[in-house]
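The values are calculated or read from the model by the stated rules, or taken from the named source; none is laboratory data. The model shown is predicted, which means the values in this text are computed figures rather than measured ones. Heads up, the Cβs are rebuilt from the backbone with ideal geometry, glycines too, and the neighbour counts pull from every protein chain shown.
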Amino acid sequence: MNFKKPFSFVLLQIFWIGVFVNTISAQRKFEFGIRFDPLVVPVNFGTFIEEGPGFYDIHAKGKITQAAYLNFIYWPLTNWGISLGAGVQNFQSEIEYIIPDPSHLGFIDPVFDRHDQMNGRAAGPVLSLQYRNKHIRASFGLVPFQYGNTQTPHRSSVSSISIATDAVVIAHIQIDEEIFWRIYGTEYDLYQFGAAYEVLNRLFLKIGFESTITKRKYYPYTTRITGFTVDTGPEDQLLNDFKMSNAYSAFSIGVEYVIGFGKYKEGKIEE
């Protein structure tokens with residue numbers, strides 16, 4: 001069976017539909033938009049904080065996730081508008097560290113090995129100020145994300161190990177750890193900047209940046225490591241004081257498709 005003719009016919013129909021939609025919406029006053037961000041890349045400004053000497057390496061990062069949005073845009077002026085919509089986004093963080101034998105007595109396995117993942121999905125309304133000029137658009141918006149689904153451990157624990165030779169303690173490590181992300185990490189109030197360029201009819205390539213608004217910090221994850229090793233001396237001391245705050249920031253790359261309708265009265269023709 002020859003698929004070339006049916007396929008060419010479909011492409012031709014899509015082209016003429018695109019031309020028709022562009023013609024009837026050239027003076028659009030209202031728009032519906034759907035956006036998908038396949039790459040939301042956290043930059044971790046102030047998210048992971050080490051307030052101690054950092055004796056052990058604690059590896060932490062926000063992971064790349066995705067987001068999707070629906071918007072209704074009203075353009076009271078031809079170049080300036082406001083939009084109200086809704087968005088859903090995933091948030092993921094990973095924290096891991098390994099504490100080897102602090103006595104150098106030759107233990108094969110590490111004395112502590114932690115690997116925690118904090119995953120959540122949040123949704124919320126989006127209120128934005130919009131600007132457009134021919135093929136270029138920009139936006140500034142506010143998004144109060146509320147978590148509806150979280151998958152993360154909930155732990156408050158104290159773990160310790162002491163290693164002695166000839167009844168003399170030569171190494172001691174204690175870890176005080178709290179993970180309350182499920183309870184306290186239930187909201188992200190973000191501001192969002194976005195810039196877009198129309199690469200195809202009604203289809204925009206969009207880049208953006210988002211960050212938390214509030215400066216009030218709380219710590220849904222903390223790890224405090226104290227003690228001593230054969231390398232530090234025989235007195236208990238602070239080795240690590242690691243925290244994950246509620247600060248969040250990320251860059252995003254996505255695509256948006258808009259459908260316009262409604263016309264301006266005479267004298268308000270879009271440039």
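Among residues of the range 33-56 being in contact with a Gly (Cβ under 6 Å, 6 or more places away or on another chain) and farther than 21 Å from Y219 by Cα, the one that is surrounded by the fewest Cβ atoms within 10 Å (Cβ to Cβ) is F36. Scoring T165 on the criteria (1) at pLDDT below 90; (2) under 30 Å from Y197 (Cβ atoms); (3) of a type in the set (V, I, T) leaves a single failure, condition (2).
Hey, any hits in the range 185-194 for a residue that's within 30 Å of V111 (Cβ to Cβ), at pLDDT below 85 and not in a strand (DSSP E or B)? Taking every residue of the range 185-194 in turn, at least one turns out to be within 30 Å of V111 (Cβ to Cβ), at pLDDT below 85 and not in a strand (DSSP E or B).
For V40, the criteria (1) at pLDDT 50 or above; (2) farther than 30 Å from D241 by Cα; (3) not in a loop (DSSP other than H, G, I, E, B) hold in every case but one, which is (2). All of (1) within 16 Å of F251 (Cβ to Cβ); (2) free of Cβ contacts under 8 Å to residues at least 40 places away in the same chain hold for H59 with one exception: (1). Of all residues in the range 203-257, those satisfying the criterion of being in a loop (DSSP other than H, G, I, E, B) and either over 22 Å from the mean Cα position of the chain (by Cα) or of a type in the set (D, E, K, R) (or both) are K215, R216, K217, T229, V230, D231, T232, G233, P234, E235, D236.
Among the residues making up the range 82-111, those that are among the hydroxyl-bearing types (S, T, Y) and within 16 Å of G227 (Cβ to Cβ) are Y97, S103.
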